[in-house]
Every structure is written in C-alpha cells, then in structure tokens.
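I have placed the structure first, in the form of structure tokens, so that the comments after it can refer back to it.
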Amino acid sequence: FEAFNPLWLVWTGLADFRPMMGDYVPLIPWAAPALAGVAVAKALRIDQWRGTPTGRVAHTLTFPGRHSLIIYLVHQPILFGLFKAWVWLHS
C-alpha cells in the first residue's frame, strides 16, 4: 500500500518496498504467530502447569534468565576488551 511507504510506517510490513535495515522485521505477518501463541497458552492455561522449581540446581539454571540484562551489559565490554587485546597481540 502506497500510504505505508513513508519510513515511519514501514515497520507495519504493508509498504511497497523493504528497507535496507539489518534488523528489519515487519509487524505483519509476524504478529499473527505471536498472538496465536498467546491465545493457545491462555486456552490451555499453561500458567497453571508452571511450577516453581526448588533447589540449588534449579536456582543456578534460572539465575541467567532472571538477570539477563545485567549479564548482557557486563559481557559486552569484556568481549570488546578481549577482542581488542587479541588484535593488539596479533598485530
């Protein structure tokens, strides 16, 4: 649809062209599977099946999921530093 061609509306997925963006994912049609998954989970009442695991192993395995943002933010400068050191050592 030509009305969706302005860059600020391209994210809908209804534009006549695909922008040159590496992370471009149009809302339509990808909203449908996400909403279908939410509907199925609610219909099956999956939240009632989910229990809270106990014990040290369960806590260790669930820790990264509960703290994923801080893990992501901390590991980025570490990786950049390691890559820079590797380039410096091999140049």
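Within the range 26-71, considering only helices (runs of 4 or more DSSP H) that don't extend past its boundaries, which have at least 2 residues that are surrounded by 11 or more Cβ atoms within 10 Å (Cβ to Cβ) and not assigned by TED's automatic domain parsing to the domain that holds ALA15? Steps first, please.
Values: elements: 27-44, 46-49, 56-66.
Output list reads 56-66.
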- Message: Just to be sure I understand the filter: pairs with C-beta atoms under 7 Å, separated by 6 or more residues or on different chains, first member in the range 66-91 and free of Cβ contacts under 8 Å to residues at least 40 places away in the same chain, second member in a helix (DSSP H, G or I). Which pairs pass?
- Response: ILE71/PRO64
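Criterion first (loosely packed, with under 10 Cβ neighbours inside 10 Å and among the hydrophobic types (A, V, I, L, M, F, W, C)) does PHE4 satisfy it? Explain how you work it out, then say what you get.
Numbers: loosely packed, with under 10 Cβ neighbours inside 10 Å: no; among the hydrophobic types (A, V, I, L, M, F, W, C): yes.
Criteria not met by PHE4.
The values are calculated or read from the model by the stated rules, or taken from the named source; none is laboratory data. Given the structure is predicted, the values throughout are model-derived calculations rather than measurements. Don't worry about glycine lacking a Cβ; one is built from the backbone with ideal geometry, like all the others, and counts go over all protein chains shown.
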